[in-house]
Amino acid sequence: MKLSFLFEKKARNYKREYELFHGKPEQVAKRSDRNKARRKMGLEKGDGKEVDHKKPLSQGGSNGKQNLRVVSNKKEQRAEGNKVKYQNKK
């Protein structure tokens, strides 16, 4: 039995994705907030770091500097994927 169909990649329609999701005012505002948090912490594009919120925005956290910390991309992805909460190390 051939399973090659499982590995076929379909071309993404980025224009449609933007129209249906990324271009909505709510998503534009969220992206703007993420970029503000990166600037506040002094991060630049392509530096391999992410801003993590100690208390997530979805749970009432803020973009205040006291609620932000810098983590590596890998640590941030692991936290998102496994829903792991990391302790702030000082």
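Please treat every number below as a calculation from the coordinates, not as lab data. All values derive from a computational prediction rather than experimental measurement.
In terms of distances greater than 18 angstrom between alpha carbons, the cross-link table entries Lys45/Lys74; Lys15/Lys49; Lys36/Lys65; Lys10/Lys74 yield Lys15/Lys49; Lys10/Lys74.
Considering the stretch 13-82, its Cα convex hull presents a mean projected area of 5.6 nm². Taking the centroid of alpha carbons for each part, the stretch 36-74 and the stretch 12-29 are 23 Å apart.
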